[in-house]
Amino acid sequence: MIDFETERIYDFNDMSRHEFFMRKAIAEAMNALEENETPVGAVIVYKNSLIASAHNQREQLQDPTAHAEMIAITQAAESLGSWRLENCTLYVTLEPCPMCAGAIVQSRIPFVVYGASDPKAGAVASLFQLLNDSRLNHRCDFKSGVFAEDCARLLQEFFRQQRRQGKK
């Protein structure tokens, strides 16, 4: 793909870039963990610049839509002054759910990179395939499994701790 603003060729297979930004998303997931939130982190990158960084805040805000991706998308739109997040890449530690996948499609994000798969609610490849559904007006490329074990381990430990404390 060519980034027409810089006329540079963007290599979606550049693993060093993906690993660098996924580490930022993992750091956000760690922030969520410290706040006793489900440890999911997300960042959005525009032309190699980090323009949004967020983590789950459902408990803190008592808002069912306060997923890391949703908050990051709102921040990115504000940063760019547009709801169209073209030429952006979303990095997230967990495969997006249907709500977040819908927001990705609506915001026109062309690239998504995620860590752990979510067999119970994943809407990119596991349960649904919303990001590349030809019936929708926008589709995007995705790459899964970047630091998948690290991302999954954070979630597993969080839910193990929640079960020990008798929480759902």
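Could you figure out which of (1) buried (at least 20 other Cβ atoms within 10 Å of the Cβ); (2) out of contact with any Phe, Trp or Tyr (no Cβ under 9 Å at 6 or more places or on another chain); (3) part of a helix (DSSP H, G or I) isn't true of Ile26?
It fails just one condition, (2).
Would you call Lys143 among the basic types (Lys, Arg) and touching a residue at least 40 places away in the same chain (Cβ under 8 Å)?
Judged against the criteria, Lys143 is a match.
Taking the stated definitions as given, is Met70 open to solvent by 30 Å² or more (accessible area, probe 1.4 Å), touching a Pro at 6+ places or on another chain (Cβ under 8 Å), at pLDDT 95 or above and assigned to a helix (DSSP H, G or I)?
no
Exactly one condition in (1) more than 29 Å from Gln156 (Cβ to Cβ); (2) at pLDDT below 95; (3) polar (S, T, N, Q) is not met by Ser82; state its number.
Every condition holds for Ser82 apart from (2).
Would it be correct to say that Glu37 is open to solvent by 70 Å² or more (accessible area, probe 1.4 Å), touching an Asp or Glu at 6+ places or on another chain (Cβ under 6 Å) and more than 16 Å from Gly115 (Cβ to Cβ)?
The answer is no for Glu37.
Condition first: over 26 Å from His18 (Cα atoms) and of a type in the set (Lys, Arg). Now tell me which residues in the stretch 138-168 satisfy that. Talk me through it step by step, then tell me what you get.
To start, the set of residues in the stretch 138-168 that are over 26 Å from His18 (Cα atoms) comprises 159-168.
Passing the criteria: Arg160, Arg163, Arg164, Lys167, Lys168.
Among the residues that make up the stretch 113-128, is at least one of them in a loop (DSSP other than H, G, I, E, B), open to solvent by 10 Å² or more (accessible area, probe 1.4 Å), touching a strand residue (DSSP E or B) at 6+ places or on another chain (Cβ under 6 Å) and without any contact (Cβ under 8 Å) to a residue 40 or more places away in the chain?
For the stretch 113-128, residues in a loop (DSSP other than H, G, I, E, B), open to solvent by 10 Å² or more (accessible area, probe 1.4 Å), touching a strand residue (DSSP E or B) at 6+ places or on another chain (Cβ under 6 Å) and without any contact (Cβ under 8 Å) to a residue 40 or more places away in the chain: present.
Condition first: open to solvent by less than 80 Å² (accessible area, probe 1.4 Å) and either touching a Phe, Trp or Tyr at 6+ places or on another chain (Cβ under 8 Å) or modelled with pLDDT of 90 or more (or both). Now tell me which residues in the stretch 1-15 satisfy that.
Ile2, Asp3, Phe12
The values are calculated or read from the model by the stated rules, or taken from the named source; none is laboratory data. Everything numeric in this text was worked out from a predicted model, so none of it was measured. Cβ sites come from the backbone with ideal geometry, for glycine too, and all protein chains shown count toward neighbours. These accessible areas exclude ligands, DNA and RNA; they are computed on the full protein's heavy atoms, side chains included. Shrake-Rupley method; radii C 1.70, N 1.55, O 1.52, S 1.80 Å.
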